[in-house]
């Protein structure tokens, strides 16, 4: 009985040590993507990323992934008056420009009404479709798509 | 002898005056051929110039710029004079205030853009070709899409403006030009 009561502060002390050690270990392991710099220090300027050159369509990583843009889109505007992407990717234009045509799912309004043209909720292409740069992944990823539904 | 002197004197004075007037005329015309002159009116400064800023012909890797007159005024003298005479119509509309607000300008944008497209088409995009010469284009240095489109375009007898619309300024409402590249209108 006496022994047990003597052990309690010891255990508590050990526990505290472990906790402190663990915290310091965590502090080293976890760091924000901007690095270890203190907030008032000037960080090193990251390398400027370049958009990839025009290429073949890029493989999808998983089913229903919005296809990536395999070309530069500098200066392409999507406004209420005109959509530059659609000047090649619309059903009317895709053949002439050898482009991928826009999916017909994009013609449906949120109420399920099929419209004669691209619906407002799918009109802003860059919300889902993005061009690629020479940037490397910031975090490792071991994701693999289901084989039975992969086409690449 | 005196007659001959008068003749020579008149000739010399005529030559000097000719140089002064001709030079002065061309000098004045060139003054109207600068970006500064173009944006001295708010119609240009606040609309088309504001849109042009930051785009490829204003801001790019090498710092070569094409300013207003490079694209909108012909280089060759006779065509330049013709364009300058046409510009008197622009003075009339300046006085009338035809596009003195953003709203008025937007309302007229399609019509104005069509004027430029038509002219460019008729002249085979002459002003583009002052810098962009088809014969000097190295297709192999171009991207995959540009390489194909430029060769197909050349074969089909197309001119720059047929595809390159809205390069330096915003496009007007294009629903009449290409109904497939605009927002769907909700049915009533």
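Just so it is clear, none of the values below were taken in a lab; they were calculated from the coordinates. These figures come from a predicted structure and were not determined experimentally. Cβ placement follows ideal geometry from the backbone for every residue including glycine, while neighbour counts extend to all protein chains displayed.
Given an 8 Å cut-off on Cα distances and at least 6 residues of separation, report the relative contact order of the stretch A:46-152 as a percent.
On the way: 111 pairs, mean separation 34.9, N = 107.
About 33 percent, as a whole number.
When the Kirkwood hydrodynamic radius is evaluated over all pairs of different C-alpha atoms of the stretch A:46-152, what value in angstrom, to one decimal, is obtained? Before the final figure, lay out each step's value.
On the way: mean 1/r = 0.0627 Å⁻¹.
One over the average 1/r among Cα pairs gives 15.9 Å for the stretch A:46-152.
Measuring from centroid to centroid over Cα atoms, what is the spacing of the stretch A:88-152 and the stretch B:18-37 in Å?
Each part reduced to its Cα centre gives a spacing of 54 Å.
Calculated FRET efficiency, residue B:108 and residue B:16, Cβ-Cβ r, R0 51 Å, to nearest 0.05? All intermediate terms of the calculation are to be shown ahead of the outcome.
On the way: r = 47 Å, r/R0 = 0.92.
Computed FRET efficiency for residue B:108 and residue B:16: 0.60.
Determine the shape class of the protein assembly as shown: with a ≥ b ≥ c the square roots of the Cα gyration tensor eigenvalues, call it rounded for a/c under 1.5, and otherwise prolate if a/b is greater than b/c, oblate otherwise. Let's see the in-between values first.
Details: a/c = 2.82, a/b = 1.99, b/c = 1.42.
Cα axes put the protein assembly as shown in the prolate bin.
Please report A:122, A:34 as a ranked list, fewest other C-beta atoms within 10 angstrom at the top and most at the bottom. Walk me through the numbers before you get to the answer.
On the way: A:122 19, A:34 10.
Neighbour counts put them in this order, fewest first: A:34, A:122.
Return the distance in nm (one decimal) between the two label points of a simple spin-label model at residue A:63 and residue A:94, each offset 7 Å from Cα along Cα→Cβ.
Going by the 7 Å Cα→Cβ label model, 2.1 nm.
Go ahead and collect, in residue order, the members of the stretch B:144-188 whose backbone nitrogen is under 17 Å from a label point 7 Å along the Cα-Cβ direction of residue A:132.
The answer is B:144-145.
Per DSSP H run of n ≥ 4, the term is -39500 (n - 2.57); total these for the protein assembly as shown, divide by its residue number, and report the mean residue ellipticity at 222 nm rounded to 500 deg cm²/dmol.
Details: 11 runs with 131 residues, N = 340.
-12000 deg cm²/dmol, from helical runs alone.
How would you rank A:118, B:19, A:45, going from fewest to most other Cβ atoms within 10 Å of each one's own Cβ? Walk me through the numbers before you get to the answer.
Details: A:118 26, B:19 10, A:45 6.
So the ranking, lowest neighbour count to highest, is A:45, B:19, A:118.
How many nm separate the modelled label positions at residue B:25 and residue B:60, each set 7 Å beyond the Cα in the direction of the Cβ?
If labels sit at residue B:25 and residue B:60, their model points lie 3.5 nm apart.
What Kirkwood hydrodynamic radius, in Å, does the stretch B:24-127 give when the mean of 1/r is taken over all pairs of distinct Cα atoms and then inverted? Intermediate values should be presented prior to the final figure.
On the way: mean 1/r = 0.0668 Å⁻¹.
After inverting the pairwise mean of 1/r, the radius is 15.0 Å.
Going by alpha carbons, how many degrees (0 to 90, nearest 10) lie between the helix axis of B:144-155 and the longest principal axis of chain B?
60 degrees
Would you mind ranking A:86, A:68, B:11, B:171 so that the residue whose beta carbon has the fewest other beta carbons within 10 Å leads the list?
Numbers: A:86 27, A:68 16, B:11 10, B:171 22.
Sorted ascending by nearby Cβ count, the order is B:11, A:68, B:171, A:86.
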